[in-house]
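A.B. asks: Please read through the structure below; I'll follow up with questions.
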């Protein structure tokens, strides 16, 4: 006698429901993860440029104002991460910096050398 093996309709519907619930949980978490990654990219570029500003100050005895790809004139900075917006405004003995990524969640990330760094 021939026996058929397989899943019942109820088992298939239960499996699809579980997969749907897991997907509904995972997709927003993935979106948050991506936004945090873009924020980390902007923060990392800002930290690297701030360190390069300090190295530049040692040689030139002043800070360099720059924005976007002009900041590649600083020592050790060959390029910025894709999509990162960066601006450094220098004063006599200090500088401030602002970085952001349009797909990030934090908005602007600020650096102030007088206040000790990341704000």
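Since every read-out is calculated from the coordinates, none of them should be taken as a lab result. Nothing here was measured: the structure is a model prediction, and the numbers come from that model. So basically every Cβ, Gly included, is an ideal-geometry build from the backbone, and we count neighbours across all protein chains shown.
A.B. asks: For the chain, what log10 I(q)/I(0) values come out of the Debye formula at q = 0.09, 0.22 1/Å, with one point per alpha carbon and no solvent?
C.D. replies: Each listed q corresponds, in turn, to -0.41, -1.14.
A.B. asks: Here is a further query. Angle between the Cα long axis of helix 9-60 and the longest principal axis of the chain, 0 to 90 degrees, nearest 10?
C.D. replies: Result, in degrees: 10.
A.B. asks: How far apart, in nm, are the 7 Å Cα→Cβ label points at residue 40 and residue 9?
C.D. replies: Calculated label separation equals 4.7 nm.
A.B. asks: Right, something else. Rounded to the nearest Å, what's the spacing between the alpha carbon centres of segment 47-119 and segment 1-40? Just the number, please.
C.D. replies: Here the two parts' Cα centres lie 43 Å apart.
A.B. asks: Separate question: For a Förster distance of 30 Å, can you work out the FRET efficiency between the beta-carbons of residue 33 and residue 119, rounded to the nearest 0.05?
C.D. replies: Efficiency, rounded to the nearest 0.05: 0.80.
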